[in-house]
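The values are calculated or read from the model by the stated rules, or taken from the named source; none is laboratory data. Given the structure is predicted, the values throughout are model-derived calculations rather than measurements. Cβ sites come from the backbone with ideal geometry, for glycine too, and all protein chains shown count toward neighbours.
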Amino acid sequence: MAEEIKERIVYLREMLSQLDEKDREIHRLGDELKQFNVMVRALCDSLPIMIWAKDLDRNYLFANKLCCKFLLNTDTEEVIGKNDMFFADREREANPNIKPYHTFGETCDESDRLVIATRKMLNIVESGYIKGKPLTIEVKKIPFLINGGSFISIVGMAKDVTGMKRRRGDSIRSQL
């Protein structure tokens, strides 16, 4: 009986040692993942375009600083789990006397639905108002597929082309 107990103790010590090793590996991988996330965040935040990812319910999983500040009037933490209509409604409610104030909620939601329905990339130009000022953005929305085609989210990017639109309009008017 004493020998059997000793064998069990040896076995349990080996198991604890293996668990400690696995725990150290998990912490190491967690640290690597955190470093990778910091790098991806820094990369996306340094680009002069708006970048985001949304789940299939059209809620934000990620948005870079430019998207949050310029389009949604929020920060990169608050955006998670919310949709475009949340931010559009909040902006409209905070500025009821300025019409139109924020018109991108419906437009963004409609184009998200189209990408989800077709599972195809969408290249569009969306025009509307942000903070009561006209805005035109060139948008690419892409279905994000993994594991042989499983559709998990929408990835998007946009750039402000309002100035280019105005210059083209001025150029066309001057030719008339």
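Report yes if Tyr60 is among the hydroxyl-bearing types (Ser, Thr, Tyr) and more than 23 Å from the chain's Cα centre (by Cα), otherwise no.
Spelling it out, it is not the case that Tyr60 is among the hydroxyl-bearing types (Ser, Thr, Tyr) and more than 23 Å from the chain's Cα centre (by Cα).
What number of residues within segment 48-76 satisfy the criterion of being free of Cβ contacts under 8 Å to residues at least 40 places away in the same chain and either in a helix (DSSP H, G or I) or not assigned by TED's automatic domain parsing to the domain that holds Pro134 (or both)?
Selection size over segment 48-76: 5.
Right, Ala63: under 24 Å from Leu43 (Cβ atoms), of a type outside the set (D, E, K, R) and surrounded by 16 or more Cβ atoms within 10 Å (Cβ to Cβ) or not?
yes
Do the conditions hold for Thr136, that is, is it polar (S, T, N, Q), part of a loop (DSSP other than H, G, I, E, B) and surrounded by 13 or more Cβ atoms within 10 Å (Cβ to Cβ)?
no
Select from segment 96-111 the residues that are surrounded by fewer than 14 Cβ atoms within 10 Å (Cβ to Cβ) and assigned to a loop (DSSP other than H, G, I, E, B) and write down the one among them that is modelled with the lowest pLDDT.
The residue in question is Lys99.
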